[in-house]
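Below is one structure; the comments refer to it alone.
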Amino acid sequence: MSRPGAGAPEVARRFARAAAVGGVVAVAGFLWLAAAGTGDLGRASGISGLYELQARSLLEGRWDVPAEAAWIEGIRIDGRTYLYYGPWPAILRLPVVALTDRLDGHLTQASCALAFALLLTAAARLAWQARCVVRPGAPWGRREGPAVAATVAAAGLATPAVFAASVPIVDHEAELWGAAWALAAYDASVAVARRPSPVRLGWAAAAAAAALFSRAAVGYGPLVGLGLLAATFAGRGLAALVGRSRRARPPAWRWAVALGLAAVLPVVGYAALNTLKFRSKFGLPLDRQVWTEVSPSRRAALAANDWSLFGPKFVPTTLAHYLRPDALSVFGLYPFVDFGRRTSPVIGDVVFDTIDVAASLPTTMPLWLPLAALGGAAVCWPARWAPRDPRRRDLWVWRPVLAGGAVGVGPALAIAFIAHRYLIDFVPLVLPAGLVGLELLRRRAATGGRARRRVVTGALITAGIVGVWVNLGLGVVYQRVDFPLQPADRLRLVETQALLGRLPVLDGPPVDRGWVPPAEAAPHRLFAAGRCAALAVRGRTAWYTLTRSRAAGETRLAVELPRPLRPGRRVPLLTIRSGGGPDVVVAWRALRGGGVQTEARIGTDPWIPGGVLDVAPGRHTVVVGADTLTGQLIVEVDGWTTVQADRWVPAPERRLAGRARGIPGVAA
């Protein structure tokens, strides 16, 4: 056992080693989820390459991007197209895109892994500072190493932060970088409050600016925290001035001015960039987004809300959902957990743009939410928590952190969206308060008997395990059922469920049979159509085909591309004559900004734009599923789903015959 002392070098080294072990475990879990059971960490989606697109524009000295390559995420201003995402992830890619374009669209998971590692590092540092404030001088116990490792691992795996690994899209990347930089800024802010120094102040300012330019909604929180610290130091300087203490006055005022500049300058820079792109200091012209042009629901939501998707009128609905304890369902198939099956009712006369699948804070953070309530109460009312403890006065350094975290979750509550990824915005608020609460609980448990320590330890371990299971399980469900990049993702999940169903204690996926799947069925249920012509799995609101035969509407093409397509040219690949419904045309269109976009046209409807892929000269496999079982049109290119539409109308008189590839363990 090392000597006591809040900053004892040996204690700090042991703490760092234990935290590194927990970080490695958490990163391994993150990468496991990101690989989706394939071992491929370079998976891409249709909107994975937008940051690379922005980085290439920055190398050319401009902020606008090619309109076609930006797809539905672009915002058109004065004839130019801009991305509304913060520039930090694009800046991070500059060295890579300057050397090669072969990795375009495949860097999202690597960037998310770096952000996750930063989040874990900031959490470990905050845990150390919480220990120094709540238990200064505490010796290193023999059980503390595993406890620290478990704490850091739970900071990543037992929070919604790990959900960002589920699908490689820019939204998840922006969320994770914003939360990671916010936690790093809060850690630096606590360090400045405890022991001011130019290095700590510089790191706090840099991290807060990076959070703002990663995700502005969360980035305002650290800047508010720095502003509150500036006000605190200004108050100290004023008190010294009134008390005529010349020795204390100059340093306090100097730090107040420096902290004030650190809080204001990033906002000025953000306003300048936003004005350059959108002609508004802080506004986001969603009415000029391409998605608004093609989405009737988006236009309806904007028209019903005075052409703005932000406002306090959305808070009652979003807050009620993110705090509901039943936003989770448990069932008997792997991964044994799913999003809640009830949709949240809208409170008040408001119209939401999107209410997506989402769990809640109580269901995803059963460990950290009660600890955060404990830590937040102690920070806000230290006199009531420990009236006779002189160390309670040091808890004030966490007040700017909690205030900033509360500001950072405001935009997620005041937007006309409900989505699971927005829970990542709550991590910079809940996690720092939870770390303080954890140290307070450890201090209380240390003064009690062995029975109390065992009860507290058992409760913490149980809540942590449940949190890891829920967050990883929801990531698997979203990745392989709700938002799969490839049809094989759903297939692998069902194969795993069937494999585990061979165990005596578990059941395999239930299978219904017939010609038409039932309109209502529980999620994860299978349906075998006809004489095994197709096999479908039930999602949250629809059936999705896992395997199909040619009789069920599948057409496979081997496309030989001798040379790159000329930009702007549309090349038809396949025309499907349905006989009773609308005809379908599938085509490729080369974009001027690079890449090939798959498009589909059903009857006389407008072309349906699909994902953008790097289709090089050579042989490519195109699979078109004009599905007679589920009524969906799905187009895959080299195994990647590029078009998915629910407007295909199958011929009702067609009977399914043939045989599709089976699933081991499932008797179709």
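Kindly check whether there is at least one residue in segment 184-202 that is closer than 13 Å to Pro428 by Cβ, of a type in the set (D, E, K, R), open to solvent by less than 10 Å² (accessible area, probe 1.4 Å) and at pLDDT 90 or above. Within segment 184-202 (the criterion being closer than 13 Å to Pro428 by Cβ, of a type in the set (D, E, K, R), open to solvent by less than 10 Å² (accessible area, probe 1.4 Å) and at pLDDT 90 or above), the answer is yes, since at least one residue qualifies. Residues that are farther than 30 Å from Glu636 by Cα and surrounded by fewer than 20 Cβ atoms within 10 Å (Cβ to Cβ) within segment 469-496 comprise just one, Trp469. Inclusion of Phe339 among residues that are among the aromatic types (Phe, Trp, Tyr), touching a residue at least 24 places away in the same chain (Cβ under 8 Å), closer than 18 Å to Ile418 by Cβ and open to solvent by less than 60 Å² (accessible area, probe 1.4 Å) is warranted. When you check Ala117 against the structure, is it assigned to a loop (DSSP other than H, G, I, E, B) and not polar (S, T, N, Q), yes or no? No.
When you scan segment 95-107, do you find a residue that is crowded, with 19+ Cβ neighbours inside 10 Å, polar (S, T, N, Q) and part of a loop (DSSP other than H, G, I, E, B), even just one? Scanning segment 95-107 turns up no residue that is crowded, with 19+ Cβ neighbours inside 10 Å, polar (S, T, N, Q) and part of a loop (DSSP other than H, G, I, E, B). The set of residues in segment 527-542 being open to solvent by 20 Å² or more (accessible area, probe 1.4 Å) and either at pLDDT 80 or above or hydroxyl-bearing (Ser, Thr, Tyr) (or both) consists of Arg540, Thr541, Ala542. Residues in segment 187-206 that are free of Cβ contacts under 8 Å to residues at least 24 places away in the same chain and assigned to a loop (DSSP other than H, G, I, E, B): Arg195, Ser197. Here are some residues: Pro509, Pro504, Pro523, Pro518. Which one is open to solvent by 30 Å² or more (accessible area, probe 1.4 Å) and under 23 Å from Arg341 (Cβ atoms)? After ruling out the rest, the residue left standing is Pro518.
Taking segment 570-581 only, how many residues are over 20 Å from Glu636 (Cα atoms) and either aromatic (Phe, Trp, Tyr) or surrounded by fewer than 19 Cβ atoms within 10 Å (Cβ to Cβ) (or both)?
The qualifying residues number 2.
Reported count of residues in segment 427-469, each being β-branched (Val, Ile, Thr) and more than 30 Å from Ala179 (Cα to Cα), is 2. Of Val357, Val350, all but one fail to be assigned to a loop (DSSP other than H, G, I, E, B), touching an Asp or Glu at 6+ places or on another chain (Cβ under 8 Å) and either open to solvent by less than 50 Å² (accessible area, probe 1.4 Å) or farther than 18 Å from Tyr478 by Cα (or both); the exception is Val357.
In segment 37-58, the qualifying residues are those that are part of a loop (DSSP other than H, G, I, E, B) and of a type in the set (D, E, K, R), and the one that is least open to solvent (accessible area, probe 1.4 Å) is Arg43. Residue under question is Ala378, and the condition is that it be hydrophobic (A, V, I, L, M, F, W, C) and surrounded by fewer than 21 Cβ atoms within 10 Å (Cβ to Cβ); does it hold? In short, no.
Could you list, in sequence order, the residues of segment 108-141 that are touching a residue at least 60 places away in the same chain (Cβ under 8 Å), open to solvent by 30 Å² or more (accessible area, probe 1.4 Å) and not small (Gly, Ala, Ser)? Passing the criteria: Leu118, Thr121, Arg125, Trp128, Arg135, Pro136, Pro139.
From the list Leu557, Leu546, the lone residue that is at pLDDT 80 or above, assigned to a strand (DSSP E or B) and within 15 Å of Gln632 (Cα to Cα) is Leu546.
Would you say Thr604 is more than 22 Å from Asp104 (Cβ to Cβ), β-branched (Val, Ile, Thr), touching a residue at least 60 places away in the same chain (Cβ under 8 Å) and open to solvent by 20 Å² or more (accessible area, probe 1.4 Å)? In short, no. Taking segment 258-272 as the range and being farther than 16 Å from Gly225 by Cβ and surrounded by 15 or more Cβ atoms within 10 Å (Cβ to Cβ) as the test, only Tyr270 passes.
Taking segment 68-94 as the search range and keeping residues that are in a helix (DSSP H, G or I) and over 18 Å from Arg592 (Cβ atoms), which one is farthest from the chain's Cα centre (by Cα)?
Applying the first criterion (in a helix (DSSP H, G or I)) to segment 68-94 yields 68-73, 88-94.
In the following step, the residues that additionally are over 18 Å from Arg592 (Cβ atoms) were identified as 88-94.
Values: Trp88: 16, Pro89: 14, Ala90: 17, Ile91: 20, Leu92: 18, Arg93: 19, Leu94: 23 Å.
The qualifying residue farthest from the chain's Cα centre (by Cα) is Leu94.
Total residues in segment 160-183 satisfying the condition of being touching a Pro at 6+ places or on another chain (Cβ under 8 Å) and surrounded by fewer than 24 Cβ atoms within 10 Å (Cβ to Cβ): the figure is 1.
Any idea which residue in segment 146-182 is farthest from the chain's Cα centre (by Cα), counting only those that are of a type in the set (Val, Ile, Thr) and within 28 Å of Gly105 (Cα to Cα)?
In the first step, residues of segment 146-182 are kept if they are of a type in the set (Val, Ile, Thr); the result is 148, 151-152, 159, 162, 167, 169-170.
With the extra rule that they be within 28 Å of Gly105 (Cα to Cα), the set shrinks to 159, 162, 167, 169-170.
Details: Thr159: 11, Val162: 8, Val167: 8, Ile169: 9, Val170: 9 Å.
For segment 146-182, the residue satisfying everything is Thr159.
Looking at Leu302, Leu276, just one residue is closer than 23 Å to Phe352 by Cβ and either open to solvent by 70 Å² or more (accessible area, probe 1.4 Å) or not in a strand (DSSP E or B) (or both), and that residue is Leu302. Checking every residue in segment 67-80 against the condition of being at pLDDT 95 or above and open to solvent by 20 Å² or more (accessible area, probe 1.4 Å) gives zero matches.
The lone criterion from (1) at pLDDT 95 or above; (2) more than 22 Å from the chain's Cα centre (by Cα) left unmet by Arg142 is number (1).
Among the conditions (1) outside any loop (DSSP other than H, G, I, E, B); (2) open to solvent by 20 Å² or more (accessible area, probe 1.4 Å); (3) farther than 23 Å from Arg443 by Cβ, the only one that Leu423 does not satisfy is (2). Just so you know, in segment 547-566 the residues that are among the aliphatic types (A, V, I, L, M) and under 18 Å from Thr621 (Cβ atoms) include one that is surrounded by the fewest Cβ atoms within 10 Å (Cβ to Cβ), and it is Ala558.
The values are calculated or read from the model by the stated rules, or taken from the named source; none is laboratory data. Note that the structure is a prediction, hence the values are computed from the model and not measured. Please note: Cβ atoms are built from the backbone with ideal geometry, for glycine as well, and neighbour counts cover all protein chains shown. What goes into the accessible areas is simple: the full protein's heavy atoms, side chains included, and nothing from ligands, DNA or RNA. Shrake-Rupley method; radii C 1.70, N 1.55, O 1.52, S 1.80 Å.
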